[in-house]
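The values are calculated or read from the model by the stated rules, or taken from the named source; none is laboratory data. Computed from a predicted structure; not experimentally measured. Methodologically, a virtual Cβ is constructed for each residue, glycine included, from the backbone with ideal geometry; neighbour enumeration extends over all protein chains shown.
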Amino acid sequence: MRIAAFAMWLLAGAALLAQPAFEVASIKSWTSREVGGVHVYPGGRMEFRGCTLPHLIQQAFNVQEFQVSGGPVWVDHERYDIDAKPPASSQSSHYMPPYSKAPMTAEQRAMLQSLLVERFHLQYRRENRDGPVYVLARGNKPLKMTDAKDKNEYPWAGGPGGGALMGDGLKGTNESMDDLAWRLSPYLGRAVLNRTEISGSYDFLADYPLEDGRGDIVGMILATVKELGLKLEATKGPIETIVIEHAEKPSAN
């Protein structure tokens, strides 16, 4: 048993050494005003502002909030500011994002995973659990979306006023179907799988009348998506879950 455990330890250590890692990373207790901010800059430099460990895990593994579970009580309350820079030899060092909220590269996500293991002593396991999901697909109506006017604009979907969904409609700018599925998922409380087979990015707007000044977010999403020529079908499917088995507070530096 001891030999087997030692072998597993060696394998885990070798895997960590093979994993891409930031050249420099500073972790401090939360002092910024921003909560949950993730920013990517030219040269692959990254800033995380006011992030909890579960939120960092979401970014590292590209999963939603409901796909992270477990861990000690402090992980949901302790927030951190992190500044990280990739090595010059990495592909990420040549990354030139058009805006600070551009998505992380796969290599940057791997580097963040390494940081969480090294600095937070994160131990985790992946599980695939069957659960409720939505499938985003083509509907029976013509698409009411236009090719994005500005392909360099920040891809976004939300309320008609430019903020979060409030129940009065759905608006998108330079939005792909993958990103739309991702952004709708937190409001629906379940994973949304893109099965539209629609490529490219689009601008769209679908208004939805409010009743008594209050919006039914889920009902609005189902209705406006249908108006756009798409549909959301409720079904069951595998949901990847990151389970925190162990984590420690990082020392400030």
Query raised in the report: Restricted to segment 189-211, and to residues that are out of contact with any Leu (no Cβ under 9 Å at 6 or more places or on another chain) and modelled with pLDDT of 95 or more, which residue is farthest from Gly162 (Cα to Cα)?
Result: Glu197
Report summary line: Val133 passes all but one of the listed conditions (1) among the β-branched types (Val, Ile, Thr); (2) more than 26 Å from Ser199 (Cβ to Cβ); (3) under 18 Å from the mean Cα position of the chain (by Cα); the exception is number (2)
**Report entry** Index of the failed condition, Gly163 passing every other in (1) at pLDDT below 95; (2) of a type outside the set (Phe, Trp, Tyr); (3) touching a strand residue (DSSP E or B) at 6+ places or on another chain (Cβ under 9 Å)
**Finding:** (3)
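Table: residues versus (1) under 30 Å from Leu230 (Cβ atoms); (2) in contact (Cβ under 8 Å) with a residue 40 or more places away in the chain; (3) exposed (fewer than 13 other Cβ atoms within 10 Å of the Cβ); (4) of a type in the set (A, V, I, L, M).
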position: Tyr99; (1), (2), (3), (4): yes, yes, yes, no
position: Met104; (1), (2), (3), (4): yes, yes, no, yes
position: Gln113; (1), (2), (3), (4): no, yes, no, no
position: Gly169; (1), (2), (3), (4): yes, yes, no, no
**Report entry** Failed item in (1) in a loop (DSSP other than H, G, I, E, B); (2) at pLDDT 95 or above, with Leu56 passing the rest
**Finding:** (1)
Report summary line: For segment 141-154, pairs from a residue that is over 13 Å from Gly172 (Cβ atoms) to a residue that is surrounded by 14 or more Cβ atoms within 10 Å (Cβ to Cβ) and of a type in the set (Ser, Thr, Tyr), with Cβ under 9 Å and 6 or more apart or across chains, are Lys151/Ser201
Report task. Go through (1) in contact with a strand residue (DSSP E or B) (Cβ under 7 Å, 6 or more places away or on another chain); (2) closer than 30 Å to Leu205 by Cβ one by one and return the number of the condition Tyr99 breaks. Result -> (1)
Query raised in the report: Do you know which residues across segment 71-87 are touching a helix residue (DSSP H, G or I) at 6+ places or on another chain (Cβ under 9 Å) and in contact (Cβ under 8 Å) with a residue 60 or more places away in the chain?
Result: Gly71, Trp74, Val75, Glu78, Tyr80, Ala84, Lys85, Pro86, Pro87
Query raised in the report: Does Arg129 satisfy the criteria of being at pLDDT below 95 and assigned to a strand (DSSP E or B)?
Result: yes
Report task. Mind checking which strands (runs of 3 or more DSSP E) fall wholly inside segment 184-253 and carry at least 2 residues that are under 30 Å from Asp81 (Cβ atoms)? Result -> 230-246
